[in-house]
1. Which pairs, out of LYS161/LYS221; LYS62/LYS123; LYS176/LYS221, put more than 25 Å between their alpha-carbon atoms?
2. Name the aspartates and glutamates eligible as straight-distance cross-link partners of LYS52: C-alpha to C-alpha under 16 Å, and not fewer than 8 places from it in the same chain.
3. FRET efficiency for LEU174 and LEU194, Cβ-Cβ distance as r, R0 = 25 Å, nearest 0.05?
4. What is the distance in Å between the Cα centres of the stretch 35-101 and the stretch 161-175?
5. Along the stretch 104-112, what does the Karplus equation 6.51 cos²θ - 1.76 cosθ + 1.60 (θ = phi - 60°) give for ³J(HN,Hα), rounded to whole Hz, x for Gly and Pro?
6. Report the label-to-label distance for ILE133 and LEU121 in nanometres (one decimal), using points 7 Å from each Cα along the Cα→Cβ vector.
7. Pick from MET193, MET151, MET201 the residue whose mean-square fluctuation is largest in a GNM of the chain, springs joining Cα atoms under 10 Å.
8. Would you mind telling me which residue in LYS160, LYS123, LYS169 has the biggest mean-square fluctuation in a Gaussian network model of the chain, where springs connect alpha carbons within a distance under 10 angstrom?
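Values in this text are rule-based calculations from the coordinates and carry no lab data. Small disclaimer: the values here were computed from a predicted structure and weren't measured. Here the Cβ is made from the backbone with ideal geometry for all residues, glycine too, and neighbour counts use every protein chain on show.
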Amino acid sequence: MILIYTLTFVILLSLFCTSSIKKNYRTYYLASTLIAIITTIYEILRISSNAKLYGFALYLEKAFMRGHISIAFFILVMFAGALNPKWKITRRLLSIRAEIAIIASILIIPHSIVYLVRFILLKLPKIIKTGIIPPLYIGYIIIGIIAFIIMIPLFITSFKKFRCKMKSKDWRNLQKKAYIFYFLVYIHILLIMLNEKQIDMLKLSSYSIIFGTYTILRLTKHINSR
């Protein structure tokens, strides 16, 4: 299951390469940017000239293009703020929380842009022509757009250069919008799965358990801190 694979990979990378990510964050940002550019170029070629990948290369491209890798990073960012800060694993994640949030944001850009362009150029004309509006499809597109718009200022202010220019109160208030972003991401994923011809109940349950567990942990931490 791709969720398990990507989440395992991201957890291992984050925990075993914590110091490397912290010290060489620019390298990781550059690598993420190159992956995003290559993914976008391939998708453009696939749509325009029917270019195709095969085997592991195709599987890997789908993992990045469909947002699986990015979502796995965002899940770590979420739980870093919800787990007990006294735990060693939490401290390691908190030390690179901004860095992995930036990596996640960079990697989600091809997914957001390509699917939006496909909707405008390919899907929307068909909807207008037929007059048939698929509610689940339109729903996850709109929610995805809103989530992406919310993500942009969160992404930008994760960089120290921009964060340092803000008042701490303003920055904290802005970061609270991350909870809205996480909620919209879950709804976006949920609608995508419900729109499929055959619903993958294991995948649906896995995402629901992950986001549900995060919500419970975050609320518990908030209540205990009051």
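1. Distance filter (> 25 Å) returns LYS161/LYS221.
2. Straight-distance partners of LYS52: GLU43, GLU61.
3. 0.20
4. 25 Å
5. Taking θ as phi minus 60°, the curve returns 4, 5, 4, 6, 7, 4, x, 4, 5 Hz for the stretch 104-112.
6. 2.5 nm
7. The residue that fluctuates most here is MET201.
8. LYS169
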